[in-house]
Amino acid sequence: MKKIILILLSVLLCNYTFAQDTNSEFDSGDTPNQPLISLNKGKYFKNVNMIANMRFALNSNFTNSNFENSKFQMNEFRLEISGKVTDKIGFTFRDRYSNNSSDPNTTDGLKHSIDLANVSYEVSPNFSLTAGKMLSEWGSYELFLNPVYMYTYNDMVQYGDFFLSGVKASWDVVPDQSLTVQIVNSNSRSFEWRYGDTPGVEAARAPLGGTFNWKGNFADSKFSTMWSYSIYNLAKNQHWNLLALGNQLKLPNLTMQYDFKYSTEDLDNTGVVSNILGYNFAHRAQDVKYMEHWVRAEYFFAPRWSTTIMGMTNSNYWDGNPDNSPDKTDRIRTQWGFTAALEYHVYKPYNVKLFAAYVGRYNNFTDYAQNHLNQSNYNTGQILIGIISPLVLF
């Protein structure tokens, strides 16, 4: 019976493990999570196997010798758990995530709710390859932090599509310097679902994107960088360029992070400007820009007490505005955000903490946006009191 209970727990935790893969998202705290249950896997799981049956490929399609399209797709992904309870009683469990069970609006054949589903191969101690659905390799600490610690996000992460299917290669050039090249689908959703109502826009035959990322550590890892440049093919002759520069200072009781992001989008992939204009979801504005600053500081002022302060701003521009009014400005809105949190670490080895936080946002529209787009300045506030518990059970 104990074996059966442990096996069922492992099945229930499968999706949690995908969403909290420590290779993709990390915590800023000094104390790593300690497993809640310490298991002798040789004793309990000796006759149990968990198998991820995956077939993942770049699919290029032709009709009558004419090239139609190319996209990364999970053609098969079935999770299987099998084993023996006794010498005479065995079991098999297999769940299907691809093809008929998937969301018809996704491009990669997986349910949109699945964040991570990939396989990695370590070619050498300094070089590895990964294929499947993964986190975009943007140079952003805001993106890579564990979501349970993020009380709010700036627009690009809040509304971004950054769990994408593709391949990546990572190379540790020297012990403290690494390079990553990533090629993925430009979106997780279909063209029709995301841009289908935008006038004059056609689907691309190869809607793919690439990211080049450099990570560096300096002064015994007290200062770290995570810088990237990305370009995505959103539609035919419609591209998205993103520069992201993440920086971190880590001292014994203080961690500070700063991200700068600059995005030019031929189609409004982020979607904020389109929403301001009142367009429906599949109708996107064209020729827009976003510029963001994000800073976060976490300070332990006592062994169990910490405070987290976050500040952010983003400016939205509509360069493609066809209006010829003399008072027209490309900038539409500037949003400011502020978060302050007090956190009590109940039991640090398990990273369980109680918190009280305030989140405020202030939206300032330009005179043009107020006079021609019927917008008005407003602000929002939110008080949060709760518990954070990213428990690793075993």
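Condition check ((1) of a type in the set (Phe, Trp, Tyr); (2) touching a strand residue (DSSP E or B) at 6+ places or on another chain (Cβ under 7 Å); (3) more than 24 Å from Trp240 (Cα to Cα)) across all residues:
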{"position": "Ser60", "(1), (2), (3)": "no, yes, no"}
{"position": "Lys71", "(1), (2), (3)": "no, yes, no"}
{"position": "Glu76", "(1), (2), (3)": "no, yes, yes"}
{"position": "Lys84", "(1), (2), (3)": "no, yes, yes"}
{"position": "Phe91", "(1), (2), (3)": "yes, yes, yes"}
{"position": "Lys111", "(1), (2), (3)": "no, no, yes"}
{"position": "Asn126", "(1), (2), (3)": "no, yes, yes"}
{"position": "Thr130", "(1), (2), (3)": "no, yes, no"}
{"position": "Trp138", "(1), (2), (3)": "yes, yes, no"}
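Pro349 satisfies every condition listed in (1) exposed (fewer than 15 other Cβ atoms within 10 Å of the Cβ); (2) of a type outside the set (Ser, Thr, Tyr); (3) more than 16 Å from Ser389 (Cβ to Cβ) except (3).
Within segment 153-207, being surrounded by fewer than 20 Cβ atoms within 10 Å (Cβ to Cβ), under 25 Å from Tyr121 (Cβ atoms) and in contact with a Gly (Cβ under 6 Å, 6 or more places away or on another chain) holds for Gln177, Ile183.
Results for (1) among the hydroxyl-bearing types (Ser, Thr, Tyr); (2) in contact with a Pro (Cβ under 9 Å, 6 or more places away or on another chain), shown as yes or no for each residue.
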| site | (1), (2) |
| --- | --- |
| Asn187 | no, yes |
| Tyr232 | yes, yes |
| Leu243 | no, no |
| Asn247 | no, no |
| Tyr279 | yes, no |
| His293 | no, no |
| Glu298 | no, no |
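The criterion of at least 3 residues that are over 30 Å from Gly311 (Cβ atoms) is met, among helices (runs of 4 or more DSSP H) falling completely within segment 127-224, by 191-195. Within segment 352-387, how many residues are farther than 14 Å from Arg304 by Cβ, surrounded by 14 or more Cβ atoms within 10 Å (Cβ to Cβ) and of a type in the set (A, V, I, L, M, F, W, C)? Going through segment 352-387 one residue at a time, the tally reaches 5.
Name every residue in segment 230-250 that is more than 29 Å from Lys71 (Cβ to Cβ) and either aliphatic (A, V, I, L, M) or out of contact with any strand residue (DSSP E or B) (no Cβ under 8 Å at 6 or more places or on another chain) (or both), in order of residue number.
Answer for segment 230-250, where residues must be more than 29 Å from Lys71 (Cβ to Cβ) and either aliphatic (A, V, I, L, M) or out of contact with any strand residue (DSSP E or B) (no Cβ under 8 Å at 6 or more places or on another chain) (or both): Leu245, Leu249.
Within segment 218-243, the residues that satisfy the criterion of being small (Gly, Ala, Ser), in contact (Cβ under 8 Å) with a residue 24 or more places away in the chain and farther than 23 Å from Tyr195 by Cβ are Ser221, Ser224, Ser228.
Every number here is computed from the coordinates shown, using simple stated rules; none is lab data. Since we're looking at a predicted model, the values are computed, not measured. Counting neighbours? That spans all protein chains shown, and the Cβs are built from the backbone with ideal geometry, glycine included.
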